[in-house]
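Take a look at the structure below.
The values are calculated or read from the model by the stated rules, or taken from the named source; none is laboratory data. This one's a predicted model, so the numbers in the text were calculated from it and none came from an experiment. Here the Cβ positions follow ideal geometry from the backbone for every residue, glycine too, while neighbour counts run over all protein chains shown. Accessible surface areas use protein heavy atoms only, side chains included; no ligands, DNA or RNA. Shrake-Rupley method; radii C 1.70, N 1.55, O 1.52, S 1.80 Å.
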Amino acid sequence: MKQRVYFILSMLWMLAVTAVSQAQVLRVLAVGNSFSEDAVEQHLYELAQENNLELIIGNACRGGQSLQSHWRDVTEEGNSFEYRKIVKGTRTNTKAQSLKAIVEDEPWDVVTFQQVSQEAGLPETYEPYLGNLIKYVAGLCKNKDVRFGLHQTWAYSRDSSHGGFKNYDRDQMKMYSAIVSAYAEAKARHPEIEFIVPTGTAIQNARTSYIGDRLCRDGFHLDLGLGRYTAACTWLEALTGISAVGAAYHPANISDKLAGIAQQAAHKAMLEPGKVTPLERPLRLAVAGVTHGHLWEVVRRIPWKEFEIVGVWEADGRYLKDNGLRGQVNDACFYQDLGQMLDETRPEAVVAYGSIHDHLQVVEACAPRGIHVMVEKPLATTVKEARRMAELSRRYGIMVLTNYETSWYAANHEVKRLVDEDAVGAVRRINVYDGHQGPFEIGCGKAFTDWLTDPVGNGGGAVMDFGCYGANLATWLLRNERPLSVQAVLKQHKKDKYSRVDDDATILVNYPHATVQIMASWCWPMNRKDMYVYGDRGYLYQKTADEMEVLLPGAAPAARRPQPLPSPYDDSFRYLRAAVRGHISVEPSDLASIDNNLLVVEILNAAIKSHKKGRTVKM
C-alpha cells in the first residue's frame with residue numbers, strides 16, 4: 001500500500017515537473033522563520049540546477065515566530081517579514097515587508113507553512129492561525145493552481161539548551177514523534193494541504209548513521225554543512241519527485257561519503273515520512289564487567305539506539321544481579337560465563353567495565369573470536385599485560401581501543417592542531433593536571449572502589465587512575481615519541497582511606513627536547529582535567545573540554561572556544577562504531593590506539609618503579 005501511495009504521489013509530481021520544464025521555472029515560497037532559512041536557502045537551488053530545473057525560491061521569514069505570530073503580523077499590519085529571495089542563484093533580502101507584498105510578488109507554484117520549532121509538536125497551537133493563513137494566502141495568490149504544503153521541522157539535539165525543549169521533557173524522540181503527529185493532524189484538518197516536506201524525519205534518519213546527533217550547530221538550528229544539505233535534499237524530492245541520491249552537487253565542507261548519508265536520509269524520509277528509517281543498523285555491543293563507575297555512560301546512551309546491547313557478562317553473582325543495566329537490557333542477555341556470552345550473542349564489539357586487571361581476560365576471550373574491544377582507561381595494570389593485549393590484537397586482527405574522557409574534548413584537539421602547525425614553536429614543557437577529591441569523597445560505589453583502591457585490580461591508586469591521562473595526551477602531542485626516562489613521587493596523604501595505594505602522584509617524563517610533568521591526585525580540592533603546553537614562542541592552556549587560553553607570537557593572551565568536534569570524533573561509542581564498521585581508520589598515533597596506550601602503561605609502570613627505587617628509571 002505504501003509503495004502504491006508513493007507511486008501515485010510520484011506520478012502527480014512528474015506531471016508537475018513536466019509543467020515546470022515547459023515553463024522553465026518553479027516558484028516556491030516558504031512562510032516560516034530561521035528553520036525555513038536552514039532548509040531552502042542553501043543547496044536547494046544548486047540541486048535543482050543539476051537536474052536542469054530553475055527555481056525561484058522565496059522565504060517569508062520572521063525569526064523565531066509562530067503561526068499565531070505570523071497571523072498577528074498580518075492582522076495588525078506589522079510588516080515585519082524579511083523577504084529572502086533566490087533568483088538565478090542570486091540572493092537578496094528585503095526587510096520590513098508584509099506577507100501580502102511577498103505573496104503578490106510572484107505567481108507562486110508552491111507555498112509552504114510551518115510551526116515554530118518549540119510548538120511544532122503541540123497541535124493545539126496550530127489553529128485557527130494555520131487555517132487563517134492558508135485562506136489569506138490563497139486569496140492573494142496570482143497562480144490559482146498553487147499547491148500548499150507543510151514544512152515538517154526537526155527535533156532538537158539531545159543536549160540542546162533551547163528553552164522550548166522542556167515541552168517534550170527534553171527527549172529528542174518524544175519531540176520528533178510529537179512533531180510527526182501534529183503535522184499529520186494539521187494536514188488531515190486542511191484538505192488544501194497536499195503534501196508534507198518531511199525534513200524532520202530526514203534529520204532523524206541521518207542521526208542513525210555513524211554521524212550521530214551532530215546535525216545541529218547550536219542544539220536546534222541545522223549544521224551549516226550536512227544538516228542544511230540533508231534538508232535541501234528532502235525539499236528537492238518533495239517538490240519535484242527527483243531523488244537526490246547520487247547527486248554530484250554537495251557543499252564543499254562535506255565529503256562524498258557524508259553527502260551520500262544526507263541523500264539517503266532524505267530519500268528514505270520521502271518513502272517513510274512518518275517514522276525513522278535507520279541508515280545503519282545499531283552496533284551489536286556486549287558489556288564485559290559492570291563494576292566500573294563509568295557504566296552510566298553505557299546506560300545513558302541506550303535510548304539513543306546507536307548500539308544494541310546483546311550481552312552482559314559479570315563474574316561476581318552479586319553484581320550480575322544488581323547493576324545499572326538491569327531493567328534496561330533483557331534479563332536473558334546477562335551471563336556469568338564470558339565465553340558463553342560471546343558465543344551465544346556474537347557481538348561486533350565488547351566494552352570492558354570491570355577492573356583494569358580484568359582487561360586482559362576480556363581481550364584473551366574476544367581476540368580469537370575476532371571481536372573488537374574498547375576498555376576504560378588505562379589499558380592495563382602492567383606492561384606485561386599491555387604487551388600481551390597488543391600481541392593478541394596483532395595476531396587476530398582486532399582493535400583494542402582505550403577510552404579516555406579527555407579524548408573527546410574539543411579543546412585538546414585544538415591544542416593538538418596548533419602544536420602540529422608549530423603555532424607556539426617547539427614544545428618544551430607540558431604540565432597536565434588531573435583528578436578530584438578522592439573516590440570515597442565523591443561517592444563512588446563499593447563495587448567500584450573495591451578494585452579501584454586495590455594495587456592488583458587497578459595497578460595503583462591516583463598514579464594509574466589519573467596519571468594515565470597525562471601520559472596519553474603527552475604521547476599523542478609528541479607523536480608517540482619514546483621518553484628517555486621517568487621519575488616520580490607517590491604520596492599517601494589519606495592513609496586512613498587509601499591504605500593500599502597512593503592518593504597523589506607527581507610524574508616527570510623526560511624527552512630529548514621536552515619535559516612533561518603529570519600531577520595526578522585524589523587530593524585536589526576540586527575536579528580538574530586541564531593542561532598547559534609551553535612552546536618556545538607561546539603557550540596553550542586547555543582549561544575545560546571546550547575552553548582554552550592561547551598566547552601566540554606577537555599577540556596578547558586570548559580566550560578561545562574551539563569548534564565542536566565532528567562526529568564520530570566527539571564520542572567514544574560513535575568512534576567505536578565508526579572504527580568497527582570501517583568508516584574511519586584508527587592510526588597508531590591516535591589517542592585510543594594500542595600503540596599510544598602501550599607506551600602509556602610503560603610510563604606509569606616506570607613511575608611506580610621510580611618511586612619504589614627512589615631513583616630515575618630509564619626507558
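Run down the lysines and flag those whose C-alpha is under 27 Å from the C-alpha of LYS100, throwing out any fewer than 8 positions away in its chain.
Correct list for LYS100: LYS85, LYS88, LYS135, LYS142, LYS144, LYS187.
Three principal axis extents, largest first, for the C-alpha atoms of the range 78-134, in Å?
Rounded to whole Å, the extents work out to 38, 25, 19 Å.
Rounding to the nearest 10 and keeping the result within 0 to 90°, find how far the Cα-based axis of helix 172-189 lies from the longest principal axis of the chain.
The angle comes out near 10 degrees.
Express in Å², to the nearest 10, the accessible area of GLU82 obtained by rolling a 1.4 Å probe over the protein heavy atoms while all chains stay in place.
50 Å²
Classify the range 233-292 from the C-alpha gyration tensor, please: rounded if a/c falls under 1.5, else prolate or oblate depending on whether a/b exceeds b/c.
Because a/c hits 1.5 or more and a/b fails to exceed b/c, the range 233-292 counts as oblate.
Of LEU236, TYR433, ASN403, whose Cα points farthest to the positive end of the dipole of the chain (charges on the beta-carbon: +1 Lys, Arg; -1 Asp, Glu; origin at the Cα centre)?
Result: TYR433, furthest along the dipole toward the positive end.
Compute for the range 188-229: radius of gyration divided by Kirkwood radius, i.e. Rg/Rh, restricted to C-alpha atoms, rounded to two decimals.
1.13
Evaluate Rg over Rh across the chain, taking Cα atoms for both radii and Kirkwood's formula for Rh.
Dividing the radius of gyration by the Kirkwood radius yields 1.05.
So what is the accessible area of the chain per residue, in Å², with the probe set to 1.4 Å?
Per-residue value: 41 Å².
I'd like the projected area of the range 140-193, averaged over all directions, using the convex hull of its alpha carbons. Report it in nm² with one decimal. Present the calculation step by step, with values, prior to reporting the outcome.
Numbers: hull surface 19.9 nm².
Spelled out: convex hull of the Cα atoms, projected over all directions, averaged, 5.0 nm².
The range 116-175: percent of C-alpha pairs farther apart than 17 Å?
The answer is 51 percent, as a whole percent.
Bin by bin, in steps of 5 Å, what percent of the Cα pairs in the range 91-247 do you find, going until the bin that has the longest distance?
P(r) for the range 91-247, in whole percents per bin: 2, 8, 16, 19, 19, 17, 12, 5, 1, 0.
With Rg and the Kirkwood Rh both taken from Cα atoms, where does Rg over Rh land for the range 488-550?
Result for the range 488-550 is an Rg/Rh of 1.07.
Calculate, for ASN143 and ASP169, the FRET efficiency according to 1/(1 + (r/R0)^6) with r their C-beta to C-beta distance and R0 35 Å; round to the nearest 0.05.
Computed FRET efficiency for ASN143 and ASP169: 0.25.
Using a 1.4 angstrom probe on heavy atoms only, work out the carbon and sulfur share of the accessible area of the chain in %.
51 percent
Take the Cα atoms of the range 204-332, build their convex hull, and give its volume per residue in Å³. Mind dumping the intermediate values first?
Values: hull volume 17.3 nm³, N = 129.
It is 134 Å³ per residue.
How big is D, in µm² s⁻¹, for the range 469-511 by Stokes-Einstein at 4 °C and 1.567 mPa s if Rh is the Kirkwood radius over C-alpha pairs?
Translational diffusion coefficient: 108 µm²/s.
Kirkwood Rh over alpha-carbon pairs of the range 51-150, then Stokes-Einstein at 4 °C and 1.567 mPa s: what D in µm² s⁻¹, rounded to an integer?
The estimated diffusion coefficient comes to 91 µm²/s.
Bin all alpha-carbon pair distances of the range 30-93 at 5 Å intervals from 0 and give each bin's fraction as a whole percent.
So the P(r) values, bin by bin, are 4, 18, 27, 20, 14, 10, 6, 2, 0.
At 0.36 nm per residue, minus the direct Cα-Cα distance, what do ALA545 and LEU484 gain on full extension? Give it in nm, one decimal, please.
Extra length available between ALA545 and LEU484 comes to 19.0 nm.
For a quick check of understanding: with a 1.4 angstrom probe and all protein chains in place, what accessible area in square angstrom does TRP408 have, to the nearest ten?
Near enough 50 Å² of accessible area.
At 222 nm, what helix-only mean residue ellipticity would the chain give, in deg cm²/dmol to the nearest 500, using -39500 (n - 2.57) for each DSSP H run of four or more? Walk me through the numbers before you get to the answer.
Values: 21 runs with 225 residues, N = 619.
Mean residue ellipticity at 222 nm (helix-derived): -11000 deg cm²/dmol.
One-quarter of the Cα convex hull surface for the range 455-604, in nm²? Provide the component values of the computation, followed by the final result.
Working: hull surface 43.9 nm².
Mean orientational projected area (the range 455-604, Cα hull): 11.0 nm².
For the range 368-502, take N as its residue count and report Rg(C-alpha) divided by 2.2 N^0.38 Å. All intermediate terms of the calculation are to be shown ahead of the outcome.
Values: Rg = 17.1 Å, N = 135, 2.2 N^0.38 = 14.2 Å.
The reported ratio for this selection is 1.20.
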